[in-house]
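Contents: one structure, followed by commentary.
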Amino acid sequence: MNSAQFSPHFLWGSASAAYQVEGAYQEDGKGLSIWDNWVRIPGKTYRGTNGDIATDHYHRYKEDVGYMKEMGLKAYRFSISWPRILPQGRGIVNPAGIRFYQNLIDELIANDIEPVVTLYHWDLPQALQDKYGGWESRKILPDFVNYAKLCFDTFGHRVKYWVVLNEPNIFTQLGYLLALHPPGKSDLKTFLTTYHTTALAHAQVVKLFKEGQYPGYIGSSIAYTPAHAASTEDQDQQALENYYATNCWWLLDAYYKGSYPDLGQAYFKKVGAMPAVSEEDLQTLRQGAVLSDFIGINYYQTAMVAHNPPHGVGLSGLNTTGEKGSQKESGVPGLYKTVFNPNVDYTDWDWSIDPQGFTMGLIQLQQRYNKPVFISENGLGAFDKLEDGTIHDEYRIDYLRRHIRACNEAIAAGVDLWGYCTWSFTDVFSWLNGFRKRYGLVHIDFESGSLNRTKKDSFAWYKRVIETNGTNCLQGGE
Ligand code: BGP
C-alpha cells in the first residue's frame, strides 16, 4: 500500500493509568477504589501484586515529565483517579487530589506536552460500589456526570483532549462475565446491562461537554480486537459475522452509532441476556454518538475465529503467567471460538502480533463510523532484561515500528488518524500480570524497590519517531 504523511499536528504520545502508576493509594485524603480492595483478596492478582506504590508517579511525576520532555513527547495520556478527587465518589472534594492533577497538567504544559485526560480507567470509588453496586446500577449516572463536570470545570481550560471511559468493554467483561476484575461476577446479562450503562454514561458526559461549550475534543477508548476467519468455509465465515455482531460492533455501535447490531440482538434475546434498552436510551446513545469527536482505540491484537458447535468450548480465562502457549481456546457455543492463528507471531502472554490486522481494523472503523480515530494505546508486553545498565528491547521497537507503519497505511487508505499513544510511557503495574509484564519505554526498577528510572533502547528510537514525524518507521526507515 502507498504511504502517506503523518500530519504535522499528529499527536505522538504515550499513556498510563492512575492505578497503574500513581501509588500513594491512601495518601493526602484519597478515598479507596475498588482496585485497592480487590488486590487484597488472595488469588486475585498475579502473586498478590498491587498498585499501592506502583511507580510512585504521585511523588515522582516531575521526574517522569522530565523524561517525556527529553523524548519530545507531544501528548501524555493519563487518567484521573476519581476517589483521589472525590473520596466518596460524590460530595466533598479533596483539594490535595485536585492540586496533584493541576500540578501534573501545569508541568506537562510548561514542557509543551499536550495532556490527554481519561476520566475513568477502572478505579471506581469503593464507596459507590458499596452504596449501590457501582456500574451495575443506573444510580451511577448522575454521580459520574457530576464527577466529569468537576473535572471539566477544574481542568477544562488547560486540557483539550478528553477520554471519558477507558475500555468499558474490558472492565465490564472482566468484572461481570469472567469474574477476573472487581466485582468478580459472572453473568452474561449483567455484563451486557452494565456495558449499556457505561454507554449511557459516555453519552451523557459527551452531551454535558458539548452543551457546556467546554473547549476541546471528547471520545471514549474501546479495546478493539478485529478478527480473521480461520478459513473460507461458510461455517467459519458465519462465525466471523457472529463475532463482530456480538463483540466488536456490539461494543462500538453503542458508543459511536447509538444502536446495537440486529444479529447480536437476536442472539442475546434468544439466550435471555438482552439488556433492557428503552427508546429514550437509544436517543441518548445516538446524541452521544453524533457529538463524540473521535473514536479512541486501544489496539493490541487480532483474533482468529472459527465455527463453534452448540456444545463447543465456552469462555476460558487469560494467560497471566507469561508461559507462551498456555492460553486455552475460548468461545461462545453455537457462535464462534477463537483459535490459534498460524500466520502471526505471539507474545509470551499469547497475544497475537498482527500489524496488518491493525490496518484492516482501522479501515473497517472508517467504513462503519466515518469518524476520526485516536489510538490511545498500542504496545508490547514483554519480559525485559536489564543488561549493561539498560534494556535492549529491539523486539518492542520492532512491534511499535510495524504498528506505526500500519497506521500510516491506514491513513493512506483514508483513515483520519489524530494521534498514537504507546502503552506505556514507563513500566507500570499490569492489572493481572504483576510487574513482570513490561510495556514501558522507561524501565522501572521494581525488583530492588528503588523504582529508579532507566531509558530503554525504545526510548531513543521513539524520540526519533517523533523528530522525524514517523518517517523513520516507513519502508526503508530505521
Ligand atoms: C489495556 C488497559 C491498560 C493496560 C493494557 C495492557 O487493556 O487499558 O490499562 O493494562 O491493556 O494490558 P495488560 O496489563 O493486562 O497486559
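Below is a table of values for the structure above.
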quantity	calculated
Residues being more than 12 Å from the ligand (Cβ to nearest atom) and part of a helix (DSSP H, G or I) - total across the stretch 157-180	3
Checklist (1) within 16 Å of the ligand (Cβ to nearest atom); (2) assigned to a loop (DSSP other than H, G, I, E, B); (3) free of Cβ contacts under 8 Å to residues at least 12 places away in the same chain applied to Ser186, failing item	(1)
Hey, Thr225 among the polar types (S, T, N, Q) and either touching a Cys at 6+ places or on another chain (Cβ under 8 Å) or closer than 29 Å to Trp418 by Cα (or both) or not	yes
Lone qualifier among Val116, Val145, Val65 - being surrounded by 24 or more Cβ atoms within 10 Å (Cβ to Cβ) and either out of contact with any Gly (no Cβ under 8 Å at 6 or more places or on another chain) or among the aliphatic types (A, V, I, L, M) (or both)	Val116
Residue in the stretch 7-29 that is out of contact with any Pro (no Cβ under 9 Å at 6 or more places or on another chain), in a helix (DSSP H, G or I) and among the small types (Gly, Ala, Ser) present	yes
Output for the stretch 25-45, where each listed residue is crowded, with 19+ Cβ neighbours inside 10 Å and of a type in the set (Gly, Ala, Ser)	Gly31, Ser33
Matching option when the condition is surrounded by fewer than 21 Cβ atoms within 10 Å (Cβ to Cβ) and of a type in the set (A, V, I, L, M), among Ala227, Ala276	Ala276
Residue tally, condition hydroxyl-bearing (Ser, Thr, Tyr) and either in contact with a Cys (Cβ under 8 Å, 6 or more places away or on another chain) or at pLDDT below 95 (or both), over the stretch 363-389	1
Close pairs (9 angstrom Cβ cut-off, 6 or more residues apart or separate chains): without any contact (Cβ under 8 Å) to a residue 40 or more places away in the chain in the stretch 17-30, open to solvent by 40 Å² or more (accessible area, probe 1.4 Å) and within 16 Å of the ligand (Cβ to nearest atom) anywhere	Tyr25/Asn50
Scan of the stretch 324-366 for residues that are assigned to a strand (DSSP E or B) and buried (at least 16 other Cβ atoms within 10 Å of the Cβ), ordered by number	Ser330, Gly331, Val332, Tyr336, Lys337, Thr338, Val339, Tyr346, Ser352, Ile353
The one condition in (1) farther than 18 Å from Asp36 by Cα; (2) open to solvent by less than 10 Å² (accessible area, probe 1.4 Å) that His157 fails to fulfil	(2)
Count - residues of the stretch 152-171 that are of a type in the set (A, V, I, L, M) and farther than 17 Å from Tyr299 by Cβ	2
Number of positions in the stretch 198-248 that are assigned to a strand (DSSP E or B) and polar (S, T, N, Q)	2
Residue within the stretch 246-257 that is farther than 25 Å from Thr359 by Cβ and open to solvent by 20 Å² or more (accessible area, probe 1.4 Å) present	no
Strands (runs of 3 or more DSSP E) contained in the stretch 368-465 and holding at least 3 residues within 16 Å of the ligand (Cβ to nearest atom) and in contact with a Phe, Trp or Tyr (Cβ under 6 Å, 6 or more places away or on another chain)	373-377
Check on Ile109, open to solvent by 20 Å² or more (accessible area, probe 1.4 Å), assigned to a helix (DSSP H, G or I), farther than 26 Å from Glu27 by Cβ and touching a residue at least 24 places away in the same chain (Cβ under 8 Å)	no
Number of the exception - Trp122 against (1) surrounded by fewer than 18 Cβ atoms within 10 Å (Cβ to Cβ); (2) within 20 Å of Ala203 (Cα to Cα)	(1)
Condition check for Tyr58: under 20 Å from Val159 (Cα atoms), open to solvent by 10 Å² or more (accessible area, probe 1.4 Å) and in a helix (DSSP H, G or I)	yes
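Conditions tested, residue by residue: (1) within 16 Å of the ligand (Cβ to nearest atom); (2) within 23 Å of Arg436 (Cα to Cα); (3) at pLDDT below 95.
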residue	(1), (2), (3)
Ser3	no, no, yes
Leu32	no, no, no
Ile41	no, yes, no
Lys44	yes, yes, no
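The values are calculated or read from the model by the stated rules, or taken from the named source; none is laboratory data. All of these numbers come straight from a predicted model, not from anything done at the bench. Every residue, glycine as well, gets a Cβ built from its backbone with ideal geometry; the counts of neighbours run over all protein chains shown. Protein only, heavy atoms only, side chains kept; ligands, DNA and RNA dropped before computing areas. Shrake-Rupley method; radii C 1.70, N 1.55, O 1.52, S 1.80 Å.
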